[in-house]
1. Would you call V223 within 16 Å of ligand 2 (Cβ to nearest atom), within 16 Å of P159 (Cα to Cα) and in a loop (DSSP other than H, G, I, E, B)?
2. In region 147-186, what residues are more than 12 Å from ligand 2 (Cβ to nearest atom) and of a type in the set (G, A, S)?
3. In the list R99, R115, R22, which residue meets the criterion of being of a type in the set (K, R) and over 30 Å from Y145 (Cα atoms)?
4. So in region 240-270, with the set limited to residues that are within 13 Å of ligand 2 (Cβ to nearest atom) and outside any strand (DSSP E or B), which one is surrounded by the fewest Cβ atoms within 10 Å (Cβ to Cβ)?
Amino acid sequence: MPLNQLSSYKKLFLSCLKTKLRTQIRYISRSRTVLSSLETALEQNKTALANAATHFEFHGLWPSVEQQHFLKDLRLHTNFITTEEEEKLLEEIEPYMKRLHYEYDHWDDAIHGFRETERKKWYPHNRTVLDRVRQLAFDGEIMPYVHILDLAAEGVIKPHVDSTRYCGNTIAGISLLSDCVMRLVRVDERKYQQGKAIAGPAENAGKNENQQTQNMPTEPDDVYRNRPVTTLENNFYVDVLLRRRSLYIMSHSSRYNFTHEILANEKSHFQGQHIQKDRRISIICRNDP
Ligand code: OGA
Ligand code: MN
């Protein structure tokens, strides 16, 4: 073989080798990134599970499959933000919030003793915190508006399921200023499945009994919150201790199959201890339906 041909073969061989090597290096570095994000997720799930052991108080007879789903679908991160981050968030929220009045007018409403707002633009340091929520709860996606709810010390959030018309499968909330107890009570399984709320009596007209969804009595709903009546007897539920500066991520079964509520201060107990609920501000992120 002529020498120049041999050298061009050699060049070709070397360049193939280089390309292959480059592909392999790219592949290895991509795998490393995947591995490290898996490790982070695993670590976060471990902490969330450890938190469940100390911050969930289960009541009633929970079928074990239900409980397994629940533990996967309600994740709690205590100390999600630092005291400095809490201060910075309050610094941004408070000037606007303090101009609003707490609403006590309609006892029928799902929330009593509250003021609220939505915010799209945030100072960069606070945006960083919300980005952490976005990564952890929504895989990088989030609704552009963040809901801020200021509940007075004597305020309550009554049992409800967030409307499937306005809110997707995940709700994530950071608690500021005060600890509180969130109660989640099991509702009829068929009631609020992803993307479809139960048909009302009018929509059921003309259907036979099997096609009809059970007509349970309901409390008045508002646009954003459905209020099915649930009972604590013959039912199972859980009380969750939401510490100040914690983040909860409520998704899938915990979001659709359970009502959630924030207990009034006089009913605010966890494992036999009174949990003093003072003024509490929650920063709530939701995804689109
Ligand atoms: C709501 C709600 C919970 C919270 O606004 O619908 O359930 O953590 N808020 O304040
Ligand atoms: Mn809600």
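The values are calculated or read from the model by the stated rules, or taken from the named source; none is laboratory data. All values derive from a computational prediction rather than experimental measurement. Heads up, the Cβs are rebuilt from the backbone with ideal geometry, glycines too, and the neighbour counts pull from every protein chain shown.
1. Numbers: within 16 Å of ligand 2 (Cβ to nearest atom): yes; within 16 Å of P159 (Cα to Cα): yes; in a loop (DSSP other than H, G, I, E, B): yes.
In short, yes.
2. A152, A153, G155, G168, S175, S178
3. R22
4. Looking at the filtered set, the residue picked out is Y256.
Every residue, every condition in (1) modelled with pLDDT under 95; (2) closer than 20 Å to S254 by Cβ; (3) crowded, with 21+ Cβ neighbours inside 10 Å, yes or no:
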residue	(1), (2), (3)
M143	yes, yes, no
L149	no, yes, no
E154	no, no, no
C167	yes, yes, no
S175	no, yes, yes
S178	no, no, no
